[in-house]
1. Somewhere in the stretch 158-171, is a residue under 20 Å from ALA289 (Cα atoms) and without any contact (Cβ under 8 Å) to a residue 12 or more places away in the chain?
2. GLY255: on the phi > 0 side of the Ramachandran plot, in contact (Cβ under 8 Å) with a residue 24 or more places away in the chain and not aliphatic (A, V, I, L, M), yes or no?
3. Would the stretch 190-203 turn up any residue that is within 20 Å of GLN140 (Cα to Cα) and small (Gly, Ala, Ser)?
4. Among the residues of the stretch 11-33, write down those that are surrounded by fewer than 19 Cβ atoms within 10 Å (Cβ to Cβ) and over 23 Å from PHE157 (Cα atoms).
5. From the residues in the stretch 135-157 that are of a type outside the set (A, V, I, L, M) and outside any helix (DSSP H, G or I), which one is nearest to LYS177 (Cα to Cα)?
6. Among SER113, SER109, SER104, which is the only one that is in contact with a helix residue (DSSP H, G or I) (Cβ under 6 Å, 6 or more places away or on another chain), of a type in the set (Gly, Ala, Ser) and farther than 27 Å from GLY9 by Cβ?
7. If only one of ARG265, ARG259, ARG284 is within 25 Å of the chain's Cα centre (by Cα) and modelled with pLDDT of 90 or more, which one is it?
8. On the basis of being of a type in the set (Val, Ile, Thr), at pLDDT below 95 and in a helix (DSSP H, G or I), does VAL130 make the cut?
Amino acid sequence: MPSAPTARGSAYLTALAVEIEKKLQRALASVSQRRNLLQELFADIALEVDDRAKDVIFGEEGAISASDSGYGGPICFYDVLADHFVSMPQNGKAILDLIVQLWSQSFASNIFSLLFHKWLFEAQLDNPEVLLRYSSALVQGATNVFWIDIQTNARHFQSLFQYLLEEVALYAERLKKIPLQAQRDLFLLLSRFILFYNSVDKLESFLNQFPDFPNAFLIGSASDIFVTEVADQLQKLKVEPVLLHYLSQIKVLQGLELRMITSTRLKTCLYSFTSPGAPMYPTRAVRHAAWDALDFLFPVGRYPRHLISLFFRLLYPWYWPSSCWNFVVSCIQTVFYSLLGLIFSSWENLRKPKQP
């Protein structure tokens with residue numbers, strides 16, 4: 001657990017809450033500036049806490065331990081404010097009321113998910129409609145902020161993801177606090193981003209906790225739903241480093257029991273990244289990563305797939321020069337590294353003392 005704020009730190013966070021409330025009031029009062037004000041507020045609470053603010057919040061000794069544990073990475077203002085609103089919910093009540101009045105505005109659900117994702121699972125809410133509204137806003141806001149990380153290839157909101165995965169999805173008592181439909185939406189959300197946030201070590205536990213789906217007879221088991229979400233996510237990715245990361249992480253799917261239709265869907269998705277041009281327009285690095293993942297997950301039929309791919313490549317002469325050039329470069333690199341290996345091994349043999 002992260003270090004608890006000092007008395008001075010609690011006063012500092014209370015003052016921050018007052019400033020957030022003022023900015024929300026300004027946004028509510030000004031229709032023309034509403035979007036800009038909410039965007040500024042979102043950016044402010046997503047900022048990383050600097051060293052001076054850490055000293056104020058945690059004290060000089062607690063700042064060091066807080067930066068290394070409990071939050072899963074660098075501490076941002078939304079991290080400490082989310083904890084603050086759990087321990088002092090009265091300081092967040094006015095802010096929550098203002099956010100509810102701004103539900104339809106851009107960034108409102110983002111701000112709610114960052115500030116109140118812990119409060120939602122700790123507070124006692126008896127009204128089912130209010131609970132459904134809050135949990136739906138949480139999922140929508142979390143989706144938005146996770147996509148911000150995807151687009152920037154960052155892990156700025158990893159602590160939010162880890163909380164939703166480890167402290168909610170894998171913690172039955174908290175999970176049951178939100179409606180069943182919200183539970184399903186939350187698991188679908190986490191399925192799409194679990195590879196991105198390097199949490200594949202929790203995959204088995206995650207699949208075991210999957211809620212029941214009413215159409216499970218048609219869509220299959222938890223593994224089928226998870227793989228379907230991953231395949232859909234892959235086809236939406238446009239940032240090359242992120243796509244390469246997904247393709248490297250996706251090998252964890254080996255061994256999952258899948259329906260034929262799910263397996264075919266994943267295979268088709270990966271195969272779409274193996275050829276240049278439409279519809280995915282993958283780079284050479286992505287094509288090779290997709291081939292590696294495809295051959296690893298589906299070793300049966302590997303050589304016929306490559307042969308068919310080569311045949312179709314021959315139908316597009318404009319790709320021949322680049323293919324030939326890459327082939328020549330690969331051969332030269334292979335020969336070069338082989339020669340280097342021989343030279344170094346010979347050098348090591350010469351340096352070894354001769355046995356008498």
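1. no
2. Here the answer is no, as GLY255 does not meet what is asked.
3. Yes.
4. Within the stretch 11-33, ALA11, ALA15, VAL18, LYS22, GLN25, ARG26, LEU28, ALA29, SER30, VAL31, SER32, GLN33 meet the criteria.
5. PHE157
6. SER109 is the lone residue from the list that is in contact with a helix residue (DSSP H, G or I) (Cβ under 6 Å, 6 or more places away or on another chain), of a type in the set (Gly, Ala, Ser) and farther than 27 Å from GLY9 by Cβ.
7. ARG265
8. Values: of a type in the set (Val, Ile, Thr): yes; at pLDDT below 95: yes; in a helix (DSSP H, G or I): yes.
Against the criterion (of a type in the set (Val, Ile, Thr), at pLDDT below 95 and in a helix (DSSP H, G or I)), VAL130 qualifies.
The values are calculated or read from the model by the stated rules, or taken from the named source; none is laboratory data. The structure presented is a predicted model; accordingly, all values stated were derived computationally and were not measured. We place every Cβ from the backbone using ideal geometry, glycine too, and count neighbours over all the protein chains shown.
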